[in-house]
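Here is the structure we will look at.
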Amino acid sequence: MVQGIEKAQSFDADQVAAALESMPKVETPYGPGKMVGKDLIGNNRLLARSIPFTRMLKDGKMEFEFLPVK
């Protein structure tokens, strides 16, 4: 949401939504994501993000990888 507000330079919901829909990537706590949904709901207002999964335990620490967003 903050990224959309920053790009739109506005708090207007329509302008923020338009900004988010036009962004090629949105940063999330789980890695990059993107707004999708045009084919499903008619606009890009659904967030698809990388899915984290534990890769392995290495030296007593979990390493994470992210499945990419297509």
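The values are calculated or read from the model by the stated rules, or taken from the named source; none is laboratory data. This is a predicted model, so every value here is computed, not measured. For the accessible areas, the whole protein counts, side chains as well, though only heavy atoms, and no ligand, DNA or RNA atoms are used. Shrake-Rupley method; radii C 1.70, N 1.55, O 1.52, S 1.80 Å.
Structure data summary
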quantity	calculated
Cross-link reach list, aspartates and glutamates versus residue 34, counting only Cα pairs under 19 Å and skipping chain neighbours closer than eight places	6, 14, 21, 65
Whole-percent carbon and sulfur share, accessible surface of region 6-49, 1.4 Å	54 percent
